[in-house]
Amino acid sequence: MSRVTIAPEEDRLNAQIAFAIEIDKLKRIIRRNHLIDGSRRENTAEHSWYVGTLAMVLGEHAPPGTDLQRVVAMLLVHDLVEIDAGDTFIYDTVAVEAQAAAERAAADRIFGLLPGEQGVWLRELWDEFEARKTPEARFAKALDRFAPILANHHTDGGTWPLFKVKAAQVREKVRIIEEGSPSLGAYALELVELSVARGHLSE
């Protein structure tokens, strides 16, 4: 009796489809930030799409020579680990301490679903984003930090008053934006100071 075997290309496709099904779960991870119209909280998949699109629109604010296609790819995968690790509120110092180990374990599992070289490629993008050693990673991280500030400013402070976040804490995050894009950092700082002046962010 002849044995039925799975062709290598079918094995590869099955792995890719398993990954596609898994990452759909990102749509159910709810973040603290609200949509700019204030109607509801955003999910992490929406956030990833949003900052990826911002990379294309605001690319002229990246350092000269920045590979914007790599930035977009990085932003599309940077939060996939939240499928396992959940969304960590950046102003929750206790949760942030435990975040790194949980997210590394999530990256091992999720990117490990893919065929070898694809899993390695996406994991390298994720590691690069986390390390912030390249212009691409610093610009990607800048956009990741810029988006919530933009949303909070346009929703009367959004999560800031809700979680008693102070202006000094937000200014600290602005420094990360400045590292990736001085012009976006300056704009973000203006939003922070305007939010303070309007009473939407406490000193």
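Computed from Cα atoms, the angle from the helix 8-23 axis to the main principal axis of the chain rounds to 30 degrees.
Roughly speaking, what % of Cα-Cα pairs in the stretch 1-111 are separated by over 16 Å, rounded to a whole number? Please list the in-between numbers first.
Working: 4257 of 6105 pairs.
Summing the P(r) of the stretch 1-111 above 16 Å gives 70 percent of all pairs.
Between helix 68-77 and the chain there is an angle of about 80 degrees, using the helix long axis and the longest principal axis of the Cα atoms.
Among 161, 148, 135, the largest mean-square fluctuation in a Gaussian network model of the chain, built with springs joining Cα atoms closer than 10 Å, belongs to 161.
Electrostatic tally near residue 89: other residues with Cβ closer than 13 Å to its Cβ, Lys and Arg +1, Asp and Glu -1, net +1. Taking the 0 to 90 degree range and rounding to the nearest ten, how far is the long axis of helix 167-180 tilted relative to the main principal axis of the chain, both from C-alpha atoms? Approximately 50 degrees, to the nearest 10.
Using only DSSP helix segments of four residues or longer, with each worth -39500 (n - 2.57), what per-residue ellipticity at 222 nm results for the chain after dividing by its residue count and rounding to 500? For the chain, the value works out to -20500 deg cm²/dmol.
Just the accessible area per residue of the chain, please: how many Å² with a 1.4 Å probe? Don't jump to the answer; show the numbers that get you there.
Working: 10900 Å² over 203 residues.
I get 54 Å² per residue for the chain.
The orientation-averaged projected area of the convex hull spanned by the Cα atoms of the chain comes to 13.1 nm².
Considering the options 102, 191, 57, tell which one lies farthest towards the positive end of the dipole of the chain, charges being +1 on Lys and Arg and -1 on Asp and Glu at the Cβ, about the Cα centre. The one lying farthest along the dipole's positive direction is 191.
For the chain, relative contact order (Cα pairs under 8 Å, six or more residues apart, normalised by length) works out to 22 percent.
Farthest towards the positive end of the charge dipole of the chain, among the residues 129, 148, 69, is the Cα of 148, using unit charges on the Cβ of Lys, Arg, Asp and Glu. In the chain, what percent of the accessible surface is made up of carbon and sulfur (1.4 Å probe, ligands and nucleic acids excluded)? Roughly 56 percent, rounded to a whole number.
Charges were assigned to the Cβ only: +1 to each Lys and Arg, -1 to each Asp and Glu. The resulting dipole of the chain about its Cα centre is roughly 420 debye.
Work through the residues other than residue 28 whose Cβ is under 14 Å from its Cβ and net out their charges, Lys, Arg +1 and Asp, Glu -1.
Details: positive: 25, 27, 31, 40, 41; negative: 22, 24, 42, 46, 79, 82, 84, 87.
Computed value for this residue: -3.
The values are calculated or read from the model by the stated rules, or taken from the named source; none is laboratory data. The shown structure was predicted, so the numbers you read here are calculated from the model rather than taken from an experiment. Because the Cβ atoms are built from the backbone with ideal geometry, glycine has one as well, and the counts that use them run over all protein chains shown. Side chains included, ligands, DNA and RNA excluded: accessible areas come from the protein's heavy atoms. Shrake-Rupley method; radii C 1.70, N 1.55, O 1.52, S 1.80 Å.
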